[in-house]
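*Asks:* This is the structure I have questions about; it appears just below.
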Amino acid sequence: MSEVSYGEVIDYTKAPPLVQGNPSLATIDDSIARPMEKLPNKKFFMALSITLTMLLIGAVALAYTFYYGIGMWGNNIPVGWAFDITNFVFWIGIGHAGTLISAVLFLFRQRWRTAIARFAEAMTIFAVMCAGLFPLIHLGRPWYAAFIFPVPTQHGVWINWNSPLVWDVFAVSTYFTVSLMFWYIGLIPDLATMRDRTTNKFKKMIYSVLSLGWRFSNKHWQHYEKVYVILAGLATPLVLSVHSIVSFDFAVSILPGWHTTIFPPYFVAGAIFSGFGMVMTVLILVRKIFNLEYIITMDHLDKMAKVTLLVSMMVSYAYLMEPFIAWYSGDPVDWYLVLMRATGHYAVGFWVMVACNVFIPQLFWFRKVRRNVVVLFIISLLINVGMWLERYIIIVTSLYRDFLPSSWHIYVPTITDFGILIGSFGLFFTLVLLFSRALPVIAMSEVKGVTEGAHPSHQIGAEHE
Amino acid sequence: MSEMKKTSQAVRRLYGVTALFDRPERLLHAVGEVVKQGIKSYDAYTPYPVHGLDTKMKLKRSMIGAVTLVVGLTGASLLLLFTWWTNSIDYPLVIGGKPLFSWPSYVPLMFEMTVLFGAVSTVTALLVIWLNLPRNSHPLHDTDFMKKVSNDRFGICIEATDPQFDERSVKALLEKLGGASVEAVYYEERELTLRETILDPKFIGAIVVVAVLTSGAAYFGFNKMNLIRPWNSLTVQDKVLPETQSAFYADGFAMRPPVKGTVARGQMPYRYASDIPGAEKYMKNPILPTKHVMELGQRDFNTYCSPCHGYFADGQSRLQGQFPVPPSLHIDSLVTAPDGLYYEVITNGYQGVMPSYERQIPRDERWAIIWYIRALQKAQSPEVANVK
């Protein structure tokens, strides 16, 4: 794929076009709808077989867990949380980038988001689905999850409203619901376009039902756009609250290494960081596979790399503050934990995490790195690794050296732990692959709105912009 | 629209006249002209929201945000009310020493409920109330016009309900404005009633079937499946229950007798049972009368001894003759009696009048009581040496 180059001389006074090559509106529809209208190629089935295998591994590991109990895992007191909650925090963090791109960038009128918003939102939903599984799984007997909901029971006791675990359930389920609605509302016009494009009767029926009979009427667009802004305005504080509440699961406890006030912003920054890493990983693959390079341009990847660099430095700041506060507070237990993280049994993981999250993203200072797809792809993978390790280090190192030396215990994951982790990746990528065949991966109606000449030139009293 | 004409035996009605434009500027111009003509029932159709169209159409500002505000705040209030009722009224429970209604803990939940209620209500209101969706039986559906505006054309439809509507003049107007494929759109009268299929017996029957299947599955899940391994929730365990036999030991008992000579913690064997002279001769008080011991002795004496012996061991029973009244412990023979006698009597009782307290009072506490009795005796017959 040859990238459209702007030449050696860069004109900084004029923003590059959001969609390259000035395609017609019909071409945009054609290229976005193509994956849904053609039979999938061999590569797709190869990819799907790999992800389904991963999903199967996860299913087997889960069946073992549910039959024999969570004794199949490496968890043991005091390390009561390990892979399960690590995976939960990791996946929910992945989801946050989607909301950031679709909602926060929308509110800031960053119109380059249109090309990647749909995909990022879909990733949010799939990631939250993966994340939502882990609190259920880590119970070992998942049907007991019913006790966390405020339903009347025969013993008469209600749930503990003061517990961050209860807040977590409310936050994650609200987040999933709102993300799903936001995504679906955005999909409606595109589903209507698909309804009018398709010649297959069965597909037409499905698209008709899903598009709710959308008619592209301007009287509808007017309210629709308003609702989109409102949802974006609701989703923006929501995304901040969700990861803050996830961090409360740790920060409200009194364990050294968890009991810190920096946790909410630190977790939110980490979530955005890991999410952007994952969005980059998937988008680089998608634009290659589906030839969408003129819609998801190098400029998009460049801008995402810049955001990643920014949040990487926010995460680095938190990494600096943790040992500083541990030292400054003069609490020997806190300081011991900092030393154990850097030099203890999990030191390798800690330093890999620091390398992936702090040092490697510094390469994004260089324009050449930001515009090299291969390097971007490798770095985005490393960010994923680093951010998974971050949650692992936070959870396991705080637990394995708690206040009581007699209960110290070294956690070693078992094959079942890894099986479930692999299974969650299998689930995520299976859903991504199916989504890329079944629904428009790029918001057609939004991309049409950002092509050159899409809007009549400015006039007094124009409502939008 | 040609296919509609072919199939329709039924009454056809005119919905309106449509026209297509290839550029948004032309649509804007056309809309401006239509408004100038005083036409009210019309709508513009665009593949994406076109800037400036709302102003041209003189649409009023969308007030759907009011739904978000009102319902969102309702969600927060309901949550607050619910947390207050559950934790303060229905089952008051003190958690972590906090007040029953510790509202700061509920702030995150209130926020989540604001967002959830606000978002769900806004989307529902948009679709159902503002846009009157889902509706797949609109006359414009499945027309060439709709297929174009969903792709790359910009359309306008002037509806027949407009008082000024006249098919010929409207067509002429749209053609004059540069509209392509100016066409009339018809619909069949029965389409007006299509939405009532929700009361179709088939649909209701399907719902009933789903309900029966769901409740059957739920019954099976909750009443049968959770008794099958591995879901039996530890109700079946590999342990020996009372009245059952153990297959592990030859004698069939699960409990093993302790090794000979085993002494349980805090249960020193007492070898002078009913042997008062032996106890008097050999038992010595093994603990020292510290402040703690004296307080322990006082507490136990007041608890176990004082009902019959009185708080001062003077035989002032509080039981008003329902039990035999014991003698005062201040008589000479008892003041001079050795500690072993007291220990023996507390442990094994006395002549069927005083019961044994072996099970109620641990060994060390018996000795603590004896120290306390000694202190009471000294207090009743003070000597100069004791008062120091």
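*Asks:* Take the conditions facing chain A (nearest Cβ under 7 Å) and without any contact (Cβ under 8 Å) to a residue 60 or more places away in the chain and apply them to residue B:55. Does it pass?
*Replies:* For residue B:55, the condition - facing chain A (nearest Cβ under 7 Å) and without any contact (Cβ under 8 Å) to a residue 60 or more places away in the chain - is met.
*Asks:* Within the bounds of region A:216-223, is there any residue that is outside any helix (DSSP H, G or I), touching a strand residue (DSSP E or B) at 6+ places or on another chain (Cβ under 7 Å) and on the phi < 0 side of the Ramachandran plot?
*Replies:* yes
*Asks:* Name the single residue that is nearest to the chain's Cα centre (by Cα) among those in region B:334-348 being open to solvent by 30 Å² or more (accessible area, probe 1.4 Å) and under 16 Å from residue B:375 (Cα atoms).
*Replies:* B:339
*Asks:* Right, something else. Quick one: which of A:116, A:77 is under 30 Å from residue A:418 (Cα atoms) and out of contact with any Cys (no Cβ under 9 Å at 6 or more places or on another chain)?
*Replies:* Just a single option satisfies the conditions, and that option is A:77.
*Asks:* While we're on this one: From B:120, B:107, which residue is within 10 Å of chain A (Cβ to nearest Cβ), buried (at least 17 other Cβ atoms within 10 Å of the Cβ) and modelled with pLDDT of 90 or more?
*Replies:* B:120
*Asks:* From the list B:358, B:344, pick out the single residue that is closer than 16 Å to residue B:271 by Cβ, out of contact with any Pro (no Cβ under 8 Å at 6 or more places or on another chain) and not in a helix (DSSP H, G or I).
*Replies:* Answer to the selection: B:358.
*Asks:* Filtering region A:171-211 down to residues that are within 17 Å of residue A:33 (Cβ to Cβ) and charged (D, E, K, R), which residue is farthest from the other protein chains (Cβ to nearest Cβ)?
*Replies:* The selected residue is A:203.
Every residue, every condition in (1) more than 34 Å from the chain's Cα centre (by Cα); (2) free of Cβ contacts under 8 Å to residues at least 40 places away in the same chain; (3) within 26 Å of residue A:448 (Cβ to Cβ); (4) buried (at least 17 other Cβ atoms within 10 Å of the Cβ), yes or no:
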position	(1), (2), (3), (4)
B:141	yes, yes, yes, yes
B:176	yes, yes, no, no
B:200	yes, yes, no, no
B:226	no, yes, no, no
B:231	no, yes, no, no
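*Asks:* Of all residues in region A:212-231 being of a type in the set (A, V, I, L, M) and within 8 Å of another protein chain (Cβ to nearest Cβ), which is farthest from residue A:258 (Cα to Cα)?
*Replies:* Applying the filter and picking the extreme gives A:212.
*Asks:* Read through the list (1) assigned to a loop (DSSP other than H, G, I, E, B); (2) surrounded by 12 or more Cβ atoms within 10 Å (Cβ to Cβ); (3) within 14 Å of chain A (Cβ to nearest Cβ), then give the number of the only condition that residue B:235 fails.
*Replies:* Status for residue B:235: all satisfied but (2).
*Asks:* Anything in region A:117-153 that is away from chain B (no Cβ under 14 Å) and not in a helix (DSSP H, G or I)? List them, or say none.
*Replies:* The one that is away from chain B (no Cβ under 14 Å) and not in a helix (DSSP H, G or I): A:138.
*Asks:* Just one of the numbered conditions (1) more than 10 Å from every other protein chain (Cβ to nearest Cβ); (2) open to solvent by 30 Å² or more (accessible area, probe 1.4 Å); (3) among the aliphatic types (A, V, I, L, M) is not true of residue A:246; which one?
*Replies:* (2)
*Asks:* Within region B:13-37, track down each residue that is of a type outside the set (Lys, Arg) and open to solvent by 30 Å² or more (accessible area, probe 1.4 Å).
*Replies:* Within region B:13-37, B:14, B:15, B:22, B:25, B:29, B:33, B:35, B:37 qualify.
*Asks:* Given the options A:95, A:74, name the one that is open to solvent by less than 40 Å² (accessible area, probe 1.4 Å) and outside any helix (DSSP H, G or I).
*Replies:* A:74
*Asks:* When you go through (1) touching a residue at least 60 places away in the same chain (Cβ under 8 Å); (2) surrounded by 13 or more Cβ atoms within 10 Å (Cβ to Cβ); (3) more than 9 Å from every other protein chain (Cβ to nearest Cβ) one by one for residue B:47, which number turns out not to apply?
*Replies:* It fails just one condition, (3).
*Asks:* Which residues, counting only those in region A:213-242, are open to solvent by 10 Å² or more (accessible area, probe 1.4 Å) and without any contact (Cβ under 8 Å) to a residue 40 or more places away in the chain?
*Replies:* Within region A:213-242, A:215, A:219, A:220, A:222, A:223, A:224, A:226, A:230, A:237, A:240 qualify.
*Asks:* Also: How many residues are within 18 Å of residue A:151 (Cα to Cα) and open to solvent by 90 Å² or more (accessible area, probe 1.4 Å) when one looks only at region B:68-87?
*Replies:* Of the residues in region B:68-87, 3 are within 18 Å of residue A:151 (Cα to Cα) and open to solvent by 90 Å² or more (accessible area, probe 1.4 Å).
Yes/no per residue for (1) touching a helix residue (DSSP H, G or I) at 6+ places or on another chain (Cβ under 7 Å); (2) of a type in the set (Phe, Trp, Tyr); (3) surrounded by 13 or more Cβ atoms within 10 Å (Cβ to Cβ):
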| residue | (1), (2), (3) |
| --- | --- |
| B:114 | yes, no, yes |
| B:148 | no, no, yes |
| B:159 | no, no, yes |
| B:165 | no, yes, yes |
| B:170 | no, no, yes |
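*Asks:* Now, a different point. So for region A:232-240 (the condition being more than 28 Å from the chain's Cα centre (by Cα) and within 11 Å of another protein chain (Cβ to nearest Cβ)), does at least one residue qualify?
*Replies:* Checked against the condition, which is being more than 28 Å from the chain's Cα centre (by Cα) and within 11 Å of another protein chain (Cβ to nearest Cβ), region A:232-240 yields no hits at all.
The values are calculated or read from the model by the stated rules, or taken from the named source; none is laboratory data. Source: prediction; values computed, not measured. Positions of Cβ are backbone-derived with ideal geometry, glycine not excepted, and every protein chain shown enters the neighbour counts. Ligands, DNA and RNA are stripped out before the accessible areas are found, and what is left, the full protein with its side chains, is counted by its heavy atoms. Shrake-Rupley method; radii C 1.70, N 1.55, O 1.52, S 1.80 Å.
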